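As C-alpha coordinates, the structure follows; a few thoughts come after it.
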Amino acid sequence: MSCAKQEPGSYYVGVDVGTGSVRAALVDQSGVLLAFADQPITKWEPQFNHHEQSSEDIWAACCVVTKKVVQGINLSRIRGLGFDATCSLVVLDKQFRPLPVNCEGDCHRNIIMWLDHRAVSQVQRINETKHSVLQYVGGLMSVEMQAPKLLWLKENLKETCWDKAGYFFDLPDFLSWKATGVTARSLCSLVCKWTYSAEKGWDDSFWKMIGLEDFVADNYSKIDKETEAQKVGPATPSSLFPQVFKPSYEHSLSL
(Lines give C-alpha, C1' and ligand atoms only; values in the text may rest on other atoms or scores of the structure.)
Protein backbone atom coordinates (compact mmCIF):
# COMPACT_ATOMS: atom_id res chain seq x y z
CA MET A 1 0.00 0.00 0.00
CA SER A 2 1.41 3.37 -1.00
CA CYS A 3 1.34 6.29 1.42
CA ALA A 4 1.21 10.00 0.59
CA LYS A 5 4.43 11.83 1.36
CA GLN A 6 4.36 14.02 4.43
CA GLU A 7 6.65 16.83 5.40
CA PRO A 8 9.19 15.93 8.05
CA GLY A 9 8.19 17.21 11.46
CA SER A 10 4.41 17.17 10.87
CA TYR A 11 2.27 17.02 14.01
CA TYR A 12 -1.32 16.14 14.88
CA VAL A 13 -3.37 17.04 17.96
CA GLY A 14 -6.16 14.86 19.30
CA VAL A 15 -8.55 16.06 22.01
CA ASP A 16 -10.79 13.58 23.84
CA VAL A 17 -13.58 14.77 26.15
CA GLY A 18 -14.67 12.11 28.60
CA THR A 19 -17.11 12.10 31.49
CA GLY A 20 -14.74 13.54 34.07
CA SER A 21 -11.80 15.02 32.20
CA VAL A 22 -10.43 16.33 28.91
CA ARG A 23 -7.29 14.75 27.44
CA ALA A 24 -5.05 15.94 24.62
CA ALA A 25 -2.24 14.19 22.81
CA LEU A 26 0.37 15.37 20.33
CA VAL A 27 1.64 12.77 17.84
CA ASP A 28 3.98 12.91 14.89
CA GLN A 29 3.34 11.63 11.35
CA SER A 30 4.32 8.11 12.43
CA GLY A 31 1.81 8.07 15.27
CA VAL A 32 4.43 8.39 17.99
CA LEU A 33 3.06 10.02 21.15
CA LEU A 34 5.09 13.13 21.90
CA ALA A 35 3.05 14.84 24.62
CA PHE A 36 -0.04 14.25 26.75
CA ALA A 37 -2.09 16.41 29.12
CA ASP A 38 -5.38 16.12 30.99
CA GLN A 39 -7.69 18.48 32.84
CA PRO A 40 -10.70 17.67 35.08
CA ILE A 41 -14.15 19.00 34.16
CA THR A 42 -17.15 19.65 36.39
CA LYS A 43 -20.31 17.53 36.56
CA TRP A 44 -23.63 18.33 38.25
CA GLU A 45 -26.37 15.95 39.38
CA PRO A 46 -29.18 18.26 40.56
CA GLN A 47 -31.61 15.34 40.91
CA PHE A 48 -31.82 11.62 40.26
CA ASN A 49 -31.01 10.67 36.64
CA HIS A 50 -30.15 14.29 35.74
CA HIS A 51 -26.49 14.77 34.80
CA GLU A 52 -25.25 18.09 33.46
CA GLN A 53 -22.08 19.86 32.38
CA SER A 54 -20.98 23.25 31.08
CA SER A 55 -19.84 23.83 27.50
CA GLU A 56 -17.78 26.83 28.67
CA ASP A 57 -16.03 24.70 31.29
CA ILE A 58 -15.29 21.95 28.77
CA TRP A 59 -14.00 24.38 26.14
CA ALA A 60 -11.74 26.04 28.69
CA ALA A 61 -10.32 22.62 29.59
CA CYS A 62 -9.77 21.83 25.89
CA CYS A 63 -7.76 25.03 25.52
CA VAL A 64 -5.67 24.26 28.60
CA VAL A 65 -4.65 20.77 27.49
CA THR A 66 -4.08 21.78 23.86
CA LYS A 67 -1.76 24.60 24.84
CA LYS A 68 0.18 22.24 27.09
CA VAL A 69 0.84 19.58 24.45
CA VAL A 70 1.98 22.01 21.75
CA GLN A 71 4.44 23.94 23.91
CA GLY A 72 7.68 24.36 22.00
CA ILE A 73 6.19 23.11 18.72
CA ASN A 74 6.35 25.06 15.46
CA LEU A 75 2.64 25.71 14.87
CA SER A 76 3.07 25.74 11.11
CA ARG A 77 3.90 22.03 11.36
CA ILE A 78 0.53 21.13 12.91
CA ARG A 79 -1.44 19.40 10.17
CA GLY A 80 -4.60 18.41 11.98
CA LEU A 81 -6.74 18.90 15.08
CA GLY A 82 -9.36 16.30 15.95
CA PHE A 83 -12.06 16.12 18.62
CA ASP A 84 -13.76 13.13 20.20
CA ALA A 85 -16.38 13.42 22.92
CA THR A 86 -19.28 11.75 24.66
CA CYS A 87 -22.85 11.62 23.30
CA SER A 88 -23.87 14.74 25.20
CA LEU A 89 -26.27 17.47 24.06
CA VAL A 90 -25.13 21.12 24.04
CA VAL A 91 -27.79 23.84 23.95
CA LEU A 92 -27.11 27.43 22.83
CA ASP A 93 -29.34 30.38 22.01
CA LYS A 94 -29.42 32.22 18.68
CA GLN A 95 -26.37 34.27 19.73
CA PHE A 96 -24.44 31.09 20.67
CA ARG A 97 -24.88 31.73 24.39
CA PRO A 98 -25.52 28.83 26.83
CA LEU A 99 -29.11 28.01 27.78
CA PRO A 100 -30.20 26.14 30.92
CA VAL A 101 -31.10 22.45 30.63
CA ASN A 102 -32.31 22.44 34.23
CA CYS A 103 -35.31 23.60 36.22
CA GLU A 104 -33.09 25.93 38.28
CA GLY A 105 -32.47 28.14 35.23
CA ASP A 106 -28.67 27.90 35.55
CA CYS A 107 -27.38 28.79 32.07
CA HIS A 108 -23.87 27.64 32.95
CA ARG A 109 -25.21 24.07 33.04
CA ASN A 110 -26.18 23.84 29.35
CA ILE A 111 -25.22 20.24 28.57
CA ILE A 112 -27.35 17.14 29.09
CA MET A 113 -24.71 14.46 29.57
CA TRP A 114 -24.66 11.12 27.77
CA LEU A 115 -25.46 9.22 30.99
CA ASP A 116 -28.49 11.41 31.77
CA HIS A 117 -31.67 9.29 31.86
CA ARG A 118 -34.29 11.96 32.46
CA ALA A 119 -35.97 11.20 29.10
CA VAL A 120 -37.10 7.62 29.83
CA SER A 121 -40.75 8.39 29.07
CA GLN A 122 -39.82 10.19 25.86
CA VAL A 123 -37.62 7.39 24.50
CA GLN A 124 -40.32 4.81 25.25
CA ARG A 125 -42.82 6.78 23.18
CA ILE A 126 -40.29 7.20 20.38
CA ASN A 127 -39.59 3.47 20.26
CA GLU A 128 -43.31 2.67 20.30
CA THR A 129 -43.66 4.44 16.94
CA LYS A 130 -41.51 1.70 15.32
CA HIS A 131 -40.58 4.30 12.71
CA SER A 132 -38.29 3.08 9.94
CA VAL A 133 -35.47 5.47 10.91
CA LEU A 134 -34.96 3.47 14.10
CA GLN A 135 -33.22 0.89 11.95
CA TYR A 136 -30.29 3.32 11.80
CA VAL A 137 -29.83 2.97 15.57
CA GLY A 138 -30.27 -0.79 15.91
CA GLY A 139 -34.07 -0.87 15.97
CA LEU A 140 -34.44 0.76 19.38
CA MET A 141 -33.31 4.23 20.34
CA SER A 142 -31.32 4.62 23.55
CA VAL A 143 -32.33 7.15 26.19
CA GLU A 144 -28.77 8.44 25.87
CA MET A 145 -29.30 9.58 22.26
CA GLN A 146 -30.38 13.08 21.32
CA ALA A 147 -34.01 12.83 20.11
CA PRO A 148 -35.47 11.87 23.53
CA LYS A 149 -33.38 14.55 25.24
CA LEU A 150 -34.68 17.14 22.78
CA LEU A 151 -38.27 16.03 23.34
CA TRP A 152 -37.78 16.27 27.11
CA LEU A 153 -36.56 19.85 26.76
CA LYS A 154 -39.60 20.79 24.68
CA GLU A 155 -42.01 19.20 27.14
CA ASN A 156 -40.36 20.39 30.36
CA LEU A 157 -38.37 23.58 29.67
CA LYS A 158 -40.27 25.14 26.79
CA GLU A 159 -40.10 28.78 27.88
CA THR A 160 -36.65 28.87 29.48
CA CYS A 161 -34.81 26.68 26.97
CA TRP A 162 -36.71 25.24 24.00
CA ASP A 163 -38.27 28.44 22.64
CA LYS A 164 -35.00 30.38 23.02
CA ALA A 165 -32.73 27.75 21.51
CA GLY A 166 -30.85 28.54 18.32
CA TYR A 167 -28.46 25.58 18.16
CA PHE A 168 -28.42 22.01 19.44
CA PHE A 169 -25.00 20.38 19.11
CA ASP A 170 -23.63 16.92 19.71
CA LEU A 171 -20.65 17.67 21.95
CA PRO A 172 -17.94 16.79 19.36
CA ASP A 173 -19.62 19.09 16.82
CA PHE A 174 -19.81 21.89 19.37
CA LEU A 175 -16.05 21.58 19.86
CA SER A 176 -15.30 21.66 16.12
CA TRP A 177 -17.50 24.77 15.82
CA LYS A 178 -15.62 26.46 18.66
CA ALA A 179 -12.30 25.69 16.96
CA THR A 180 -13.29 26.68 13.43
CA GLY A 181 -16.41 28.86 13.54
CA VAL A 182 -18.15 26.40 11.20
CA THR A 183 -21.49 24.97 12.42
CA ALA A 184 -21.56 22.00 10.02
CA ARG A 185 -22.05 18.74 11.89
CA SER A 186 -20.25 15.46 11.23
CA LEU A 187 -22.11 12.67 9.47
CA CYS A 188 -20.86 10.31 12.18
CA SER A 189 -22.79 12.22 14.84
CA LEU A 190 -25.92 12.76 12.78
CA VAL A 191 -26.24 9.21 11.47
CA CYS A 192 -25.35 7.38 14.69
CA LYS A 193 -27.31 9.51 17.15
CA TRP A 194 -29.77 11.77 15.30
CA THR A 195 -31.41 9.39 12.71
CA TYR A 196 -29.93 11.24 9.73
CA SER A 197 -29.40 9.25 6.52
CA ALA A 198 -26.37 10.01 4.37
CA GLU A 199 -28.40 8.99 1.30
CA LYS A 200 -31.86 10.34 2.13
CA GLY A 201 -31.20 13.13 4.59
CA TRP A 202 -33.70 13.90 7.35
CA ASP A 203 -37.02 12.05 7.50
CA ASP A 204 -39.70 14.69 8.17
CA SER A 205 -42.29 12.08 9.15
CA PHE A 206 -40.20 10.86 12.09
CA TRP A 207 -39.82 14.27 13.71
CA LYS A 208 -43.51 15.05 13.17
CA MET A 209 -44.53 11.68 14.61
CA ILE A 210 -42.58 12.14 17.86
CA GLY A 211 -43.72 15.73 18.43
CA LEU A 212 -40.66 17.63 17.20
CA GLU A 213 -42.19 19.02 14.04
CA ASP A 214 -40.48 22.33 14.92
CA PHE A 215 -37.31 21.07 13.24
CA VAL A 216 -39.13 20.38 9.99
CA ALA A 217 -40.76 23.82 10.03
CA ASP A 218 -37.41 25.63 10.30
CA ASN A 219 -35.62 23.32 7.83
CA TYR A 220 -33.53 21.70 10.56
CA SER A 221 -31.53 24.88 11.06
CA LYS A 222 -31.14 24.24 14.80
CA ILE A 223 -29.71 20.74 14.43
CA ASP A 224 -28.04 21.24 11.02
CA LYS A 225 -29.47 21.82 7.59
CA GLU A 226 -29.20 18.91 5.20
CA THR A 227 -26.67 20.65 2.96
CA GLU A 228 -24.43 21.53 5.90
CA ALA A 229 -24.24 17.96 7.09
CA GLN A 230 -22.65 16.95 3.80
CA LYS A 231 -19.89 19.58 3.73
CA VAL A 232 -16.61 17.77 3.24
CA GLY A 233 -13.37 19.12 1.85
CA PRO A 234 -9.68 19.70 2.33
CA ALA A 235 -8.52 21.97 5.10
CA THR A 236 -5.33 23.85 5.83
CA PRO A 237 -3.93 24.23 9.35
CA SER A 238 -5.19 27.80 9.53
CA SER A 239 -8.72 26.83 8.44
CA LEU A 240 -8.81 23.97 10.94
CA PHE A 241 -8.32 26.24 13.92
CA PRO A 242 -8.07 29.92 12.93
CA GLN A 243 -8.00 31.09 16.55
CA VAL A 244 -4.52 29.59 16.81
CA PHE A 245 -3.26 32.49 14.75
CA LYS A 246 -5.15 35.25 16.56
CA PRO A 247 -3.88 37.24 19.55
CA SER A 248 -4.21 35.28 22.77
CA TYR A 249 -7.19 35.72 25.04
CA GLU A 250 -8.60 33.63 27.87
CA HIS A 251 -10.13 30.29 26.88
CA SER A 252 -9.20 30.46 23.21
CA LEU A 253 -7.06 28.12 21.20
CA SER A 254 -4.56 30.91 20.63
CA LEU A 255 -1.26 29.16 21.19
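The values are calculated or read from the model by the stated rules, or taken from the named source; none is laboratory data. Remember, it's a predicted structure, so these values are computed and weren't measured experimentally. Please note: Cβ atoms are built from the backbone with ideal geometry, for glycine as well, and neighbour counts cover all protein chains shown. SASA here: full protein model, heavy atoms, side chains in, ligands and nucleic acids out. Shrake-Rupley method; radii C 1.70, N 1.55, O 1.52, S 1.80 Å.
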* To do: Counting only C-alpha contacts under 8 Å and six or more residues apart, can you give the relative contact order of segment 64-146 as a whole percent?
  => 23 percent
* Asked: Given a cut-off of under 8 Å on Cα pairs at least six residues apart, what relative contact order in percent is computed for segment 1-138?
  -> 23 percent
* According to the Cα gyration tensor, what semi-axes, each the square root of 5 times an eigenvalue, does the equivalent ellipsoid of segment 11-249 have, listed from largest to smallest in whole Å? -> 31, 20, 16
* Fully extended contour minus Cα-Cα distance, from LYS94 to SER197, at 0.36 nm per residue -> 34.5 nm
* To do: Please name which of ASN49, ASN110, TYR11 has its Cα lying farthest along the dipole of segment 11-249 towards the positive end, using unit charges on Cβ (Lys, Arg +1; Asp, Glu -1) and the Cα centre as origin.
  => TYR11
* Asked: Excluding ligands, DNA and RNA, what is the solvent-accessible area per residue of segment 11-249 at a probe of 1.4 Å, expressed in Å²?
  -> 45 Å²
* To do: May I ask you to derive the relative contact order of segment 11-249, considering only C-alpha pairs under 8 Å and at least 6 residues apart, and to give it as an integer percent?
  => 17 percent
* Asked: Taking a label point 7 Å from the Cα of SER221 along the Cα→Cβ vector, which residues of segment 147-173 have an amide N closer than 15 Å to it?
  -> 163-168
* For segment 122-230: rounded, prolate or oblate by the Cα gyration tensor [a/c cutoff 1.5] -> oblate
* **Kirkwood Rh and Cα Rg combined as Rg/Rh, segment 1-151** => 1.08
* **Gain upon complete extension [LYS154, ALA60; 0.36 nm per residue less C-alpha separation]** => 31.0 nm
* Structure fact -> The summed charge of the GLN122 Cβ neighbourhood (under 10 Å; Lys/Arg +1, Asp/Glu -1) stands at +3
* **Length added when fully stretched, GLU104-CYS188, from 0.36 nm per residue minus Cα-Cα** => 27.0 nm
* Asked: Which FRET efficiency value, to the nearest 0.05, do you get for LEU140 and GLN71 by plugging their Cβ-Cβ distance into 1/(1 + (r/R0)^6) with R0 = 41 Å?
  -> 0.35
* **For VAL182, residues with placed amide H under 5 Å, excluding near neighbours** => none
* To do: Count charges around GLU104 for me, please; just the other residues with Cβ under 13 Å from its Cβ, Lys/Arg as +1, Asp/Glu as -1.
  => -2
